Structures are given as C-alpha cells and as structure tokens.
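Presented below is the structure to which this report refers.
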Amino acid sequence: MKTKILLPLICMAISLFTASCSSDDIESPEAKEQMVTLTVSAGSEDDAAATRAVLSEADAATSPWKWEEGDQLLFVSTNSEGKKVASALTLKSTKNNGLSGEFEGQVPASGLTTGTKYRFFYIGKTADGSTDRKISDEEANAGSINIDLTSQTGNLADLKRNCVLTGEAKVNVSNGKATVAEGVKLSNVFAVAHFAITARDNTPITKVGLRGKGVYRSAKVNLANGTVTGVSEIGTVADPDENIFFNGKTDFYVTFVPGNVAPSFDGYYAGSYTSVVNEKPQTRNYDASKSFVYYNGSKAKFSVSDTKQVAITNGNMQYVMPIATYTSEMSARTLTANTLIRWKNSVPLKLTATRTVQPGYYQLASEQWEMAMPKTSRKNATYDIETITVGDKIYASPEKYRIFDLPSWGTLNNPTLLNNTFTATSDEEVKKYDYGHKLKVGNQETRVMTSDEWEYLMPTQGNLLLPTNNRTWRASGVKAAKWIRCHIKALYEQRADDPVWLRGFLIFPDKMPYSEAKALFKESNVTFGINSRADDNETTFEKIRNSGAVFIPFSAYRAGGSNRLVQWGVHGNYATTSRYNLWKRVYHIKITPYPIDGVNFRVWTDPDQGCAVRLVQDY
C-alpha cells in the first residue's frame, strides 16, 4: 500500500544566547596551551521555546528539545599548533523550568578571533545510549563525524542518539575574555518522522523493519557547515538482518537524512518465516562487472577443457531465504532538515500494511572467502544449524539465518530442506536442478561445473607428469599447475584456536604469469598444485581481491540429512553436475589441506550431503 506523507512540519530549533566568558591558564601534559573558560547560556526566560536536547512534542514552533543532566555542547576551534580540536561545554545549570541551560568548558585561546563565526554542536549519545558522543581530534581535522542510524529504538527520548543539533555564533575577544556577540539558533541537521503501522487484516505485528530509497544506515555531518549527507543506503530489499528495526515498536520515531526519501515499512508477524519456507526462489539477474573475477581489466578466463573457457563468479552461491511481511510502501517525498513529520501533535502518521511475500533468491557472496556460517562460530569445531519443522520436514531456520549456502543437490526450489534424496538416470535430469538456472549474470544463466571440468581446471599430476595446456606453467624452467592450497592471514577477526583464519585454494587465470602468482604469497618459495600445503602459503584479503585469481574457501562439511557442520575452514566439498552411473547419484569434489591432503573430483559417498557451490559462465 502506498501512503502519502502529510506535511505539518514542526520546527525544532530555538535561540541560543551567550553570557560572558572568563579566561584561565591551563598547563596540559602535552603542551602549554592557553585556555579560556567559555560559558554559554542556551535559551532565556523570555523565550517561549528554548533549545533543548530531548524532543518533546508540542504545537508548531514550540516543539522543544529538552536539556538533560550531563548534556554537552561541543565547540570546534583551532589550537596553538594549528590543529582543529573539539572542546566540551558541560551543562552546569538550568532555570525557568528547563527553558534555559548554562554550559561551561575550556577552549583554546589561540583559536578565538574577534568577529569570527564558530560552530556549536549537540551530538547527543552513542547509538546504545551508554555515553556522550564526542568529536575526536581526528574527526575535527577531517572535518566530519559519522552518525549510526541502524540502532534506532523508535522512542521519542532516544532521538538524541541519532540527531545532531548545530548553530553558529560570532565570538568577540577583549581584555582576556570571550563573548558570543549574538544569539545562535541550534537546529537539527536531520528530519524526524512519527509513524504507526497496523496490518490490514489486524494480524499482530511483532517488529517493523525500515528500508527504501534514500534511507541510510549511516550519515556524515560536515563540521564546517553543519550539513549532513547519507553514507550508505540500507537498500530496497526486505532483510531481517540488515534493515533498520525499532525494538519491536509499531509506533515509532524515525531519523532520516534530508533529501528524496521513499521509505518502505515491513511488519513481521508470527508466520513471517514458516508460512513461506516452501516458496519457489525467484530468478535474479546480476551485473557482470560485479559478479566475476577480473584480471587486467577483463573477465578472467579459465580453461575447463581443450576447447572451452569459463568466467568464474567472485563468490560462493548463497540462498537468501523468503519471508512474508505486512508491508507499506510510501511515495517519494523531499524531506528538509530540522522538521518533524506527523499527523498532528503526538499523533503519528498511520500506515496500513498489506501481506506481501518477499521471495527467496540466489546471490553471490560479497567476497570470495565469505560463507553463510555465523562469524561467531568460525572455528574448526562442530556447529548445529537451528531448524524448523514444517509438516514432517526439517529446514534450516529462516528466522535465525538470512542466508544458507550448503544445500543438497536436487533442492533448487527448496534449498533449505536438510534431508533430501536425489537420483538421476541421465545427465539432463541432473542439470535440471543446476542453481545457475536461478542466478543469471548479464542476462545469461550461470552453471555448476562437471567433475571433468574441475579436474581439467586443477591438474593433480606431479610436476613431471603435468599436461601441456592452459592450466600449467611450462616456461623458463618452471613446470607447475595453476592452482595452490593456501590460507588467508587475517588482519582482523583473529581466532585463538587457529591463527591462519581460513584455508582454501587459489585458482589462477590462464594468462597469469608464474611470477605474478608467486608474488601473492608471503613466502618466497611456494609449491603449487597437488603437493601444496595450505598452512605453508600465506596470503591476504587484499592480495586476493586485487589479483584476478579465484579463491575457493574450505567450507564446513554437512552430512546428508544432518543439521551439523563440522571442520569449518578445513573441508572443501563443492557441487558438480556429474553423476555416478551405477548408483545414479551425483558426484561432488572434495579438497582438503595437509595432513589430509586429499583431492577427489568424483566423490560419490554421502551423495545427499550439503555442498558449497561456485558458479561459472561459458565464454
């Protein structure tokens, strides 16, 4: 349903007046910086609406922000070293029932020049409300601060965690004292709106997610001019992990970045996940420039036979699970800063939402090494996937996990089904269930490779017996296969149980020289091909990302019918479209690190296990 935003816009900015200032000399441990005590009075007894720091709804321009104990104003100026610094002015007292507040703090005397305008900020609390936000020296000199908009609670009083008030005033310096020459109005750089949502059929809504064009997960506030710009959009797809939620509230306040905004609200209910677990995935098409591994500015080419080359996708296939929501989509409106949008005083804009199925679909992982297993469980141990039962069948829980990437073959249309048995009497029957039918790139289907293609791509003979083709180096005294077991040495997300973080194998493009491949590793002497050991060959995220090589991570092993993952980062089992004629079962490949060191392109045992998938597209 589309609902128009009505426009009783409420101004939330009032006057800030300055009293006299006194000077004081302070000696810091780092340098002798002459400081001035700056005292600022916010509001006065004569003001009907004073600047305050917690929004309290009233009519028209009398919707005030209320000062609270511990509130601070921040004052950006320059110190004696020519560096920008932010000084904190602390609320010392209030009068006239909170209509006026007096702030005081130390500021560098060297940064005060008579007649110059300076900017004051109220930037409220951190996203969790635990402490006051600060402007660091680094941020002051960079000229901006970032505001997190993903942790909005929806409460009126918590708007101070997301909003920023700012205003300018001229400073006069005379006889060792500094005063603000004129009143300054603080105004909110963001826009605020008040909504309430209900289901059209009165189904109880348990939580509300916000998404849409012009809806941002974070914003950057310019410290020079007080303007705000969105940094990264939250996206237009309903996502219970990534959208903005309001702590279960259905009557809530939202902070928006000013500009053109078309918000959509998704109301979740008790059956949001279980009612659609069997919905068929939607076919999606993706941009080729963002979906393949590129080498020297072009799609990297990898030979999989003497006559065929493929482009390989730049991440494992993932299934994004379906959900059903009660959704209300609003028409685009241009929002301006320092406004409150609602129906009337303390009455929200009321949204009526209609049940909408958000279909599941296949996508590529955001990075070549990313897998769906929760980051907190990434270690060589067992992990039990939480499940739900629908009818008499068990599925990976769509409420617990947004994505799933270890499906059993034959589950193209219901990939989270954990217990599945698949047999095929022909190759054509196997290929009916190729995940590439549902994941197109550049309007063309992708596909899963055969066992023969995997074997050609990654020759496993010893160096002396390697074939002469595009998949081996045979020049300048070098004889090696164009793949290697390796590990990523993380600069972050370290794990105490295993310092290498993640093992896998790199596959190099046909045209990549041996010297270029060798340079991707910390070690000067590396062994390629079948005799390579993952723990001996260290590389990094950045080297892989910019190399043109394909990284295939060792995923966890999930036995057929089981919800248990074992040996994460050690066991690399990937799907193929080849079958074992005798048993009519589908092969998968298995590659493991030392000391297991197995490479098998035709594994037929446990054929219904969950396998990772890397898709390709023919040239």
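The values are calculated or read from the model by the stated rules, or taken from the named source; none is laboratory data. Since we're looking at a predicted model, the values are computed, not measured. Glycine gets a Cβ as well: all are built from the backbone with ideal geometry, and neighbour counts include every protein chain shown.
Yes/no per residue for (1) at pLDDT 90 or above; (2) among the hydrophobic types (A, V, I, L, M, F, W, C):
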site	(1), (2)
Asp148	yes, no
Ala169	no, yes
Val180	no, yes
Phe190	yes, yes
Ala196	yes, yes
Arg200	yes, no
Val208	yes, yes
Lys213	yes, no
Lys220	yes, no
- Name the one entry in Tyr395, Tyr401, Tyr435 that is farther than 20 Å from Asn573 by Cα, at pLDDT 95 or above and among the aromatic types (Phe, Trp, Tyr). Tyr395
- Failed item in (1) over 18 Å from Ala224 (Cβ atoms); (2) at pLDDT 90 or above; (3) exposed (fewer than 15 other Cβ atoms within 10 Å of the Cβ), with Thr114 passing the rest: (2)
- Message: Filter segment 579-592 down to the residues that are under 29 Å from Lys299 (Cβ atoms) and either surrounded by fewer than 16 Cβ atoms within 10 Å (Cβ to Cβ) or touching a Lys or Arg at 6+ places or on another chain (Cβ under 7 Å) (or both) and list them by number.
- Response: Val586, Tyr587
- Message: Out of the strands (runs of 3 or more DSSP E) lying entirely within segment 103-208, which hold 1 or more residues that are in contact (Cβ under 8 Å) with a residue 24 or more places away in the chain and under 30 Å from Asn247 (Cα atoms)?
- Response: 116-122, 144-148, 165-174, 184-188, 191-199
- Given the structure, is Thr229 within 30 Å of Val616 (Cα to Cα), in contact with a strand residue (DSSP E or B) (Cβ under 9 Å, 6 or more places away or on another chain) and either of a type in the set (S, T, N, Q) or at pLDDT 95 or above (or both)? no
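Working carefully through the options Asp137, Asp148, find the one that is surrounded by fewer than 18 Cβ atoms within 10 Å (Cβ to Cβ) and under 18 Å from Ala86 (Cβ atoms).
Working: Asp148 fails: under 18 Å from Ala86 (Cβ atoms).
None of the others qualify; the one that does is Asp137.
Specify the residue that is nearest to the chain's Cα centre (by Cα); the eligible residues are those in segment 251-277 that are in a loop (DSSP other than H, G, I, E, B) and buried (at least 21 other Cβ atoms within 10 Å of the Cβ). Lay out the reasoning, then the answer.
Our first condition is that a residue be in a loop (DSSP other than H, G, I, E, B); within segment 251-277, this holds for 257-258, 269-273, 277.
From the residues that got through so far, the ones that are buried (at least 21 other Cβ atoms within 10 Å of the Cβ) too are 257-258, 272-273, 277.
Numbers: Val257: 18, Pro258: 22, Ser272: 23, Tyr273: 22, Val277: 25 Å.
Residue satisfying both the conditions and the ranking: Val257.
For every residue, the table says whether it meets (1) at positive phi; (2) of a type in the set (Lys, Arg); (3) touching an Asp or Glu at 6+ places or on another chain (Cβ under 9 Å).
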position	(1), (2), (3)
Thr153	no, no, no
Leu159	no, no, no
Val180	no, no, no
Ala191	no, no, no
Ala199	no, no, no
Ala219	no, no, yes
Ile244	no, no, no
Lys249	no, yes, no
- Query: In segment 379-433, which residue that is in contact with a Gly (Cβ under 7 Å, 6 or more places away or on another chain) and surrounded by 16 or more Cβ atoms within 10 Å (Cβ to Cβ) is farthest from Val613 (Cα to Cα)?
  - Reply: Asn380
